[in-house]
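S.K.: First the structure, then my questions, so here it is.
The values are calculated or read from the model by the stated rules, or taken from the named source; none is laboratory data. Predicted, not measured: the structure shown is a model, and the values here were computed from it. Please note: Cβ atoms are built from the backbone with ideal geometry, for glycine as well, and neighbour counts cover all protein chains shown.
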Amino acid sequence: MSQSHSHDHSHDHHEAPAGAGLKVLAVHDKHADGRPRVRTVQVARPESEDTSFLAATAKGLGITLKHFARNLFLPMKKLATRAEAGAPAEEKYRNDIETVQYPEEKVTYPERFRGLHRLMQRDDGAVRCVACMCCPTVCPAHCITIIPEETRAIEQDGKVRIEKRPAVFEIDELRCVVCGLCVEACPCDAIRMDTGEHARPVEDRARAIETKESMLGRGIHSTATQGGEGPNWRQHAGARGPDEEQDPHH
Amino acid sequence: MRAPTMQARALLLSLLATLSFSIFAIGCGKEKAAPNLCDNQVAGALQPPLTDAEQARRRAVCPAIQAELGSPADARQCEPGSSILTCPAGAHCNENGRCELACVADTVDRCGGGTCTAEGRCVERGWLWVILDFPATKWVVLILLLVMPLASILTWMERRQSAMMQDRLGPNRANIGRVKLKGILHFVADALKMIFKEDFIPANVHKGLFALAPILAIAPVFIAFAIIPFGPTIYPHVFTDVADSSLMAQNADAYRDAIRLQIWRVDFGLIFYFAILTLANYGGTIAGWASYNKWALLGGLRSSSQMMSYEVSMGLSLMGTFLVVGSLEPGFIVEHGAVSTMSAANPANWLWLWQPVGLVLFFTAAIAETKRAPFDIPEGEPEIIGYFVEYSGLRWGLFFLAEFVEIVFISAVITTVFFGGYHVPYLEPDGFHAFGQALRLPHGVVVLLQIGAFGAKTFLLCWFQLMIRWTLPRFRADQLMNLGWKILLPLSLANVLVTALIKLLTLN
């Protein structure tokens with residue numbers, strides 16, 4: 001059995017290839033400056049390496065038995081410890097298994113994780129989207145389909161108000177590359193990707209298409225200004241960065 | 001009310017009652033006590049007088065017996081089950097260690113309605129006894145209740161255990177509705193998948209041999225189970241009583257209806273195992289040849305060369321145990337242990353203590369025989385895939401299953417030979433005896449405990465084989481041959497020599 005078998009993997013396998021124990025028999029080829037390029041070496045292997053199976057086997061069995069017993073009898077580590085790389089919390093009397101059992105166990109994603117899309121709502125629950133076609137334009141995957149329509153509403157002062165809104169707003173989640181450009185492009189805070197959910201597994205492709213209704217169902221009321229109306233959310237937002245406040249354009 | 005129906009029911013019930021009663025009444029038959037024909041006084045008084053055939057048999061068999069008849073009554077002429085201390089052919093050894101000739105088969109009926117066996121034994125057996133004692137019945141019980149469940153569960157256990165050893169979870173998902181059982185049902189899923197896969201046979205293979213090979217791989221292993229005593233001898237008549245060891249030794253009538261939980265009791269038992277299991281090797285070799293695939297052929301060749309190398313030391317490593325016990329019959333080894341001064345239920349009397357070198361050597365060679373890591377050269381998944389590279393579906397499944405049945409079989413052999421077989425430590429036929437205390441148990445409880453002990457020991461050894469398989473990396477071909485020919489073979493020869501020397505020195 002080779003040497004790599006007989007030693008524990010936790011230490012000593014950083015020997016330089018031409019370290020001690022290698023006897024140079026001949027140098028076949030040299031660099032211009034005289035450094036050897038090809039050497040024939042004699043590898044010093046212990047004569048008895050083939051007879052040391054039993055001790056090495058016993059040692060290896062000890063290691064695997066330790067892991068097996070720990071993992072069989074001790075409870076799993078807490079999800080947080082398993083899920084986060086480099087989480088400290090070396091709890092005592094827990095086993096070594098790191099597996100997260102999705103979907104029963106779910107890891108909380110980072111705050112800025114881009115998940116399933118959602119469409120935000122106006123005060124009256126209607127879709128905020130004005131079908132400006134910015135997002136289908138910017139989308140590199142061409143996964144957004146918007147068919148606009150007009151709305152007519154007679155205001156209290158008798159004016160007829162005509163607006164644009166999407167009759168159809170569909171996103172094919174199988175095509176989406178989750179780049180987030182649609183969210184960047186949206187001038188109305190109408191589309192967001194902050195649901196923290198994956199695109200769901202589906203049994204046929206048609207079911208992977210998110211409709212206006214399904215995305216609106218995940219949406220909530222947005223307080224952003226729209227069409228010059230409504231409160232300026234920038235003034236009401238509590239936590240603003242200092243850079244933004246000093247920006248002369250605002 | 002429909003009276004006829006009631007009557008029919010009553011009739012049916014009474015019939016059933018009668019039937020079950022008669023099953024118990026007839027129950028299991030007995031070996032009949034019969035006069036010894038070799039005794040001249042007995043033979044002279046017989047009616048009808050002895051026939052020519054009987055006289056001829058007496059002349060052939062009796063002088064050897066009578067030479068010993070004059071010796072003290074407690075002197076043993078023979079040892080039941082032994083291959084060394086035997087009676088002349090045609091006579092049999094009774095439980096007291098005396099040779100007897102009670103009848104001669106196919107002549108006059110001396111057994112009073114019973115049948116006469118080839119070794120001159122009078123037997124009267126009920127049909128239930130015949131069914132229960134029929135080898136096929138035992139085989140079905142052994143295979144369906146112990147071997148197949150264990151082998152199937154091993155297919156799951158191997159993946160789960162290897163996962164545990166590598167800090168993973170392993171397959172834990174297969175379920176029927178809400179029944180999950182930690183994933184044990186994965187073997188059902190596997191079996192279903194293999195059954196419903198297309199039975200694909202490549203165009204250029206030798207079709208007959210291609211189909212034969214998986215059967216050749218699995219059938220010998222099942223056959224070899226015939227020699228394994230998987231439980232103690234059962235005495236149906238005293239199932240609820242405490243068995244009486246002294247009566248048993250005197251071969252009292254109540255103990256003559258024994259059912260041995262061993263399919264085939266044969267003097268050359270372990271030799272039979274070597275011979276039969278060698279046939280399984282043809283499965284791999286023929287699969288490799290018939291597949292018409294160079295990788296499969298390489299696998300088949302490697303398989304046969306490996307088997308040849310390791311079978312030698314496998315047989316020799318067991319020779320020491322033969323020398324110690326004096327029998328090749330697994331049942332005899334289990335019943336007697338290493339020495340006669342200790343009870344066979346004493347763990348110190350099991351052969352692991354008497355043949356530790358033989359145990360390690362045999363275990364190593366036996367693992368090599370299963371063609372699993374670290375001896376999986378014939379498969380060699382990263383390079384040649386192995387002799388079953390062209391197989392798929394259930395045909396491949398048979399190879400796979402054969403491997404696991406072999407694991408169970410080897411565990412059963414090692415349990416039988418080295419770890420006291422079905423014996424529970426300090427459990428005698430009538431209960432526990434340890435530290436001067438005795439806890440008497442009914443015969444039925446003892447039997448169940450002992451069968452359970454056999455299963456538990458076999459299971460533990462299976463587990464240990466999986467531990468080895470997932471701990472050690474694969475040998476190179478040259479290392480494999482070095483280990484087989486330069487280490488195992490000399491060591492097993494030395495083991496035989498030393499054992500024989502010790503045996504010689506302690507004999508006199």
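S.K.: Which of (1) at pLDDT 55 or above; (2) within 17 Å of B:Met165 (Cα to Cα) does A:Gln42 not meet, given it meets every other one?
M.R.: Status for A:Gln42: all satisfied but (2).
S.K.: Given the conditions (1) in a loop (DSSP other than H, G, I, E, B); (2) at pLDDT 75 or above, which single one is not true for B:Thr107?
M.R.: That leaves (2) as the condition not met.
S.K.: Surrounded by 10 or more Cβ atoms within 10 Å (Cβ to Cβ), closer than 30 Å to B:Trp470 by Cα, at pLDDT 80 or above and not assigned by TED's automatic domain parsing to the domain that holds A:Asn95: is that true of A:Thr51 in this structure?
M.R.: When the stated conditions are applied, A:Thr51 does not pass them.
S.K.: Would you be able to tell me the number of residues in segment B:476-502 that are crowded, with 17+ Cβ neighbours inside 10 Å and either on the phi > 0 side of the Ramachandran plot or among the β-branched types (Val, Ile, Thr) (or both)?
M.R.: So the answer is 3.
S.K.: Which count do you get for residues in segment B:159-197 that are small (Gly, Ala, Ser) and within 14 Å of chain A (Cβ to nearest Cβ)?
M.R.: Of the residues in that region, 4 qualify.
S.K.: Look through B:Ala217, B:Ala203 and report the one residue that is surrounded by 14 or more Cβ atoms within 10 Å (Cβ to Cβ) and of a type in the set (Gly, Ala, Ser). Steps first, please.
M.R.: On the way: B:Ala203 fails: surrounded by 14 or more Cβ atoms within 10 Å (Cβ to Cβ).
Sole residue among the options that is surrounded by 14 or more Cβ atoms within 10 Å (Cβ to Cβ) and of a type in the set (Gly, Ala, Ser): B:Ala217.
S.K.: Are any residues in segment A:115-150 crowded, with 17+ Cβ neighbours inside 10 Å and in a helix (DSSP H, G or I), and if so, which ones?
M.R.: Selection gives A:Cys134, A:Cys135, A:Pro136.
S.K.: What is the residue count in segment B:220-233 for residues that are surrounded by fewer than 22 Cβ atoms within 10 Å (Cβ to Cβ) and either in contact with a strand residue (DSSP E or B) (Cβ under 9 Å, 6 or more places away or on another chain) or among the β-branched types (Val, Ile, Thr) (or both)?
M.R.: The total comes to 2.
S.K.: Could you give me the residue pairs with C-beta distances under 9 Å whose first residue belongs to segment A:97-120 and is within 17 Å of A:Pro201 (Cα to Cα) and away from chain B (no Cβ under 14 Å), whose second residue is outside any loop (DSSP other than H, G, I, E, B) and among the charged types (D, E, K, R) wherever it lies, and which are 6+ apart or on separate chains?
M.R.: Listed by first residue and then by second, the contacts come to A:Leu116/A:Glu210; A:Leu116/A:Arg218; A:His117/A:Arg192; A:His117/A:Glu210; A:His117/A:Arg218.
S.K.: Assess whether B:Leu505 counts as being surrounded by fewer than 18 Cβ atoms within 10 Å (Cβ to Cβ), farther than 22 Å from B:Val312 by Cβ and more than 10 Å from chain A (Cβ to nearest Cβ).
M.R.: When the stated conditions are applied, B:Leu505 passes them.
S.K.: Follow-up. Quick test for you: out of B:Leu146, B:Leu150, B:Leu192, B:Leu142, pick the one residue that is under 30 Å from B:Ile227 (Cβ atoms), of a type in the set (A, V, I, L, M, F, W, C), at pLDDT 90 or above and in a helix (DSSP H, G or I). Break it down stepwise before answering.
M.R.: Numbers: B:Leu146 fails: at pLDDT 90 or above; B:Leu192 fails: under 30 Å from B:Ile227 (Cβ atoms); B:Leu142 fails: at pLDDT 90 or above.
Only one candidate passes the filter, namely B:Leu150.
S.K.: Can you tell me which residue within segment B:445-475, out of those that are of a type in the set (Gly, Ala, Ser) and within 16 Å of B:Ile407 (Cα to Cα), is surrounded by the fewest Cβ atoms within 10 Å (Cβ to Cβ)?
M.R.: B:Ala456
S.K.: Go over the candidates B:Gly114, B:Gly90, B:Gly97, B:Gly70 one by one and state the one that is within 30 Å of B:Phe322 (Cβ to Cβ) and at pLDDT below 70. Can you show your working first?
M.R.: Numbers: B:Gly114 fails: within 30 Å of B:Phe322 (Cβ to Cβ); B:Gly97 fails: at pLDDT below 70; B:Gly70 fails: within 30 Å of B:Phe322 (Cβ to Cβ).
That would be B:Gly90, the only listed residue that is within 30 Å of B:Phe322 (Cβ to Cβ) and at pLDDT below 70.
S.K.: Here is a further query. Any residue at all in segment A:134-141 that is among the aliphatic types (A, V, I, L, M) and at pLDDT 85 or above?
M.R.: Yes, that holds for at least one residue.
S.K.: Can I ask one more? Has segment A:179-195 got any residue that is at pLDDT 85 or above and at positive phi?
M.R.: yes
S.K.: Separate question: Pairs under 6 Å by beta carbon, first residue facing chain A (nearest Cβ under 10 Å) in segment B:474-499, partner surrounded by fewer than 18 Cβ atoms within 10 Å (Cβ to Cβ), six or more apart or different chains?
M.R.: Between residues of segment B:474-499 that are facing chain A (nearest Cβ under 10 Å) and residues that are surrounded by fewer than 18 Cβ atoms within 10 Å (Cβ to Cβ), the close pairs are B:Asn482/A:Asp50.
S.K.: With the structure loaded, tell me whether B:Gly126 is small (Gly, Ala, Ser), modelled with pLDDT under 85 and over 25 Å from B:Ala219 (Cα atoms) or whether it fails that test. Steps first, please.
M.R.: On the way: small (Gly, Ala, Ser): yes; modelled with pLDDT under 85: yes; over 25 Å from B:Ala219 (Cα atoms): yes.
Against the criterion (small (Gly, Ala, Ser), modelled with pLDDT under 85 and over 25 Å from B:Ala219 (Cα atoms)), B:Gly126 qualifies.
S.K.: With a cut-off of at least 1 residues that are outside the structural domain of B:Gly269 (by TED's automatic domain parsing), out of contact with any strand residue (DSSP E or B) (no Cβ under 7 Å at 6 or more places or on another chain) and not basic (Lys, Arg), name the helices (runs of 4 or more DSSP H) lying wholly within segment B:311-417.
M.R.: Per the criteria, no element qualifies.
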